[in-house]
Amino acid sequence: MSHTPPQALDSEEPASESAATAAQTPDSHAATLLHLSFNQDSGCFAAATDRGFRIYNCDPFREIFRRDFGPGGGVGLVHMLFRCNILAFVGGGADPRYPPNKVMIWDDHQSRCIGELSFRSEVKGVRLRRDRIVVVLAHKIFVYNFSDLKVLHQIETIANPKGLCDLSHVSATMVLVCPGLQKGQVRVEHYASKRTKFIMAHDSRIACFSLTHDGRLLATASSKGTLIRLFNTLDGSLLQEVRRGADRAEIYSLAFSPTAQWLAVSSDKGTVHVFNLKVDSGLMGHDRSNSTSEANPANPTAVSSLSFIKGVLPKYFSSEWSVAQFRLQEGLQYIVAFGHQKNTIVILGMDGSFYRCQFDSASGGEMTQLEYYNFLKAEDTF
């Protein structure tokens, strides 16, 4: 793989004349969204369509660039590497650009693929770090060195059709989390200390999980989708359990705020929830003593008022509920991340919707919508 040094993406100059032409070619066919992903710091997001891919900035919201491959240009997965010119994608949709068993490494400054990884089965997920590429198959995960594409590690997993996997992004330490070999089990790989930790997180199969940037905390949800659990990845201990709701739900995404004070959750029920996390701030290496709302006991939504008799009533009554909520269309798939402005959430929908909302950290309740765009519509919406 011929490696050019990664550089910041620049929306002003297209990578090449042909790419510029492709990006500007008018076409009556509206793109169909196949996949969405935030970059590692949630400052940007990538959208894979049946015609190519697009990259957007979150704050301020704008399209940075798009690559329209035209008919036969389907991209099923796309992932950014922070804000640099290197992306990884996998062909997808009814008419894929590349076979779905290949990961293509794309350099947008050259507007071409500079490397590829081929597998015997369909690629279910890809994750990037500055030094690693992780590829997820239905029953196996491969960890590669980014610079020379050498395999460093192979991990067997239980059936993993969603391609679940997450990485830490602090450069010194790499932590990887993936499904284990049993239902409800997660596997945590601490590469710096060469330790593997198995955590029995749930009774049902794992539906979603997320790591903090430093890899110290892990949030998990099962296929029931009622409870979200927070674990210490070093010793596997359960630190906190919060309740999304009483009914079953499919959890689509979990996201920590940068200081791990808050956790955002999206599901097929159409409500995005924000939970207050009561993790020891020393564990995270952040100073959270200035926070006024840390585990605020005056907030009736955080902990049920019946918790003093939790030994008598079912566990449901003493559950920790979300502090803030934002209601969306039920049944649609949304992913969430925390915005760069204080107490803001960014929500992306598979219908092309972009929301930025703000929550009140002291009083909670319904979030305030700050912005809305449909990023699949024509440019005049920006």
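The values are calculated or read from the model by the stated rules, or taken from the named source; none is laboratory data. Keep in mind it's a predicted model, so treat the numbers as computed, not measured. Here the Cβ positions follow ideal geometry from the backbone for every residue, glycine too, while neighbour counts run over all protein chains shown. Remember, those area values only see protein heavy atoms, side chains included, never the ligands or the DNA or RNA. Shrake-Rupley method; radii C 1.70, N 1.55, O 1.52, S 1.80 Å.
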Query raised in the report: Out of curiosity, is Leu167 in contact with a Gly (Cβ under 9 Å, 6 or more places away or on another chain) and hydrophobic (A, V, I, L, M, F, W, C)?
Result: yes
Query raised in the report: Looking at Lys197, is it in contact with a strand residue (DSSP E or B) (Cβ under 8 Å, 6 or more places away or on another chain), open to solvent by 30 Å² or more (accessible area, probe 1.4 Å) and in a strand (DSSP E or B)?
Result: yes
Report task. Would you check which residues across segment 181-216 are touching a His at 6+ places or on another chain (Cβ under 9 Å) and of a type in the set (D, E, K, R) and list them? Result -> Lys183, Glu189, Lys197, Asp214
Requested in this report: Give segment 178-194 a look and list any residue that's open to solvent by less than 10 Å² (accessible area, probe 1.4 Å) and out of contact with any Leu (no Cβ under 9 Å at 6 or more places or on another chain), or say none.
Outcome: Gly180, Gly184
Query - Of all residues making up segment 228-262, the number that are open to solvent by 30 Å² or more (accessible area, probe 1.4 Å) and free of Cβ contacts under 8 Å to residues at least 40 places away in the same chain - result: 7
Query raised in the report: Can you spot a residue in segment 207-216 that is modelled with pLDDT under 90 and either more than 21 Å from Arg129 (Cβ to Cβ) or β-branched (Val, Ile, Thr) (or both)?
Result: no
Requested in this report: Find the residue count for segment 145-177, including only residues that are outside any loop (DSSP other than H, G, I, E, B) and buried (at least 18 other Cβ atoms within 10 Å of the Cβ).
Outcome: 6
Report task. All but one of (1) in contact with a strand residue (DSSP E or B) (Cβ under 8 Å, 6 or more places away or on another chain); (2) in a loop (DSSP other than H, G, I, E, B); (3) farther than 19 Å from Phe38 by Cβ hold for Phe231, so report the exception by its number. Result -> (2)
